[in-house]
1. Kindly check whether there is at least one residue in segment 60-69 that is crowded, with 20+ Cβ neighbours inside 10 Å and modelled with pLDDT of 95 or more.
2. Return the residues of segment 195-209 that are in contact with a strand residue (DSSP E or B) (Cβ under 6 Å, 6 or more places away or on another chain) and either outside the structural domain of residue 183 (by TED's automatic domain parsing) or more than 18 Å from residue 237 (Cα to Cα) (or both); say none if nothing qualifies.
3. Working only within segment 324-338, note down all residues that are in a helix (DSSP H, G or I) and surrounded by fewer than 20 Cβ atoms within 10 Å (Cβ to Cβ).
4. Could you tell me whether segment 250-270 includes any residue that is assigned to a strand (DSSP E or B), assigned by TED's automatic domain parsing to the domain that holds residue 87 and more than 16 Å from ligand 2 (Cβ to nearest atom)?
5. What is the residue count in segment 101-136 for residues that are farther than 17 Å from residue 178 by Cα, out of contact with any helix residue (DSSP H, G or I) (no Cβ under 8 Å at 6 or more places or on another chain) and away from ligand 2 (no atom under 15 Å from the Cβ)?
6. Which pairs do you get when a residue that is farther than 22 Å from residue 332 by Cβ and in the same structural domain as residue 151 (by TED's automatic domain parsing), found in segment 77-105, comes within reach of a residue that is part of a strand (DSSP E or B) and modelled with pLDDT under 95, reach meaning Cβ atoms under 7 angstrom, with the pair 6+ apart or on two chains?
7. Could you identify the single residue in 256, 265, 282, 303 that is at pLDDT 95 or above and crowded, with 24+ Cβ neighbours inside 10 Å?
8. Restricting to segment 240-249, and then to whatever is within 16 Å of ligand 2 (Cβ to nearest atom) and in contact with a strand residue (DSSP E or B) (Cβ under 9 Å, 6 or more places away or on another chain), can you tell me which residue is farthest from residue 217 (Cα to Cα)?
Ligand code: PEP
Ligand code: MN
């Protein structure tokens, strides 16, 4: 249920409305917009029937949220959410680009990649230390050594780091290093893991499962949010279809559908969606044109030698070119390309 207040409602009136709802055993979530405040109610909505909320001063309307997801629902808050990750913002006016290698393979390659993608305009650095691989014999990531390299390169470049957490047992450790926790496609419905990352104070990048519907993606976000962590960014990364010419099929329509259904920021991963470096640019253009809030792109200094996902990784120069080519698309949707709020020294970054 959501309670929308009248224009000019006072704080005392909001407090009274809130108290009334909480007396009935429900929890409240206040969202202040420019013109109105929304009080979201979580709990047994049947109890609100007897509360005659409409008669309370300051209440304009009382509406049930019919969707199975509540905290993630667009109606639940006054304005679309912005998620701050270190000194970057995802879901703000600027398009946020996350770039970096699929896996952290060593300190030098990570540093070189980070410096280069930053120069090209990336606002965040990605890199997997724990890798979900289809084969148990494939490179599984450097683990804690990889996390340490990420933290060191963050200190050097100021780029916030995004890295995957695969298991509930890793959440505490990875949270100690990462600015943003990535939940991979294969773990989108690992409910224990979702609850665990919902309990920590770290923004979460939630990737859509290979065969997950949009509703299931939103319910996965709800799991995280229900535990108290509201900083969730959704990622369309391609779904599995009968098509074999591409690694996955990028669901472009998911972007506007998600933007309508939820207040959470939505980004796109063109690297895993297409599975080929030459598809990254066209898929990125489509994503931005369809309303995405940003991109996550795999970049490697020497893709031919990458220990994972080399085929889809851009070279450093290729990423620079992509950022230039994205410019007219960013202009078309009236959003600057950037996403970095402030540099480590506190001044505006490019
Ligand atoms: C990745 O980002 O490298 C990755 C494994 O992504 P996904 O979970 O979307 O396959
Ligand atoms: Mn990858």
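The values are calculated or read from the model by the stated rules, or taken from the named source; none is laboratory data. All of these numbers come straight from a predicted model, not from anything done at the bench. Positions of Cβ are backbone-derived with ideal geometry, glycine not excepted, and every protein chain shown enters the neighbour counts.
1. Yes, some residue in segment 60-69 is crowded, with 20+ Cβ neighbours inside 10 Å and modelled with pLDDT of 95 or more.
2. 197, 202, 203, listed by residue number.
3. Selection gives 324, 325, 327, 328, 329, 330, 331, 332.
4. yes
5. Matching residues across segment 101-136 total 2.
6. Close Cβ pairs (under 7 Å, with a partner that is part of a strand (DSSP E or B) and modelled with pLDDT under 95) amount to 87/340; 88/340.
7. The unique qualifying residue is 265.
8. Per the criteria, the residue is 248.
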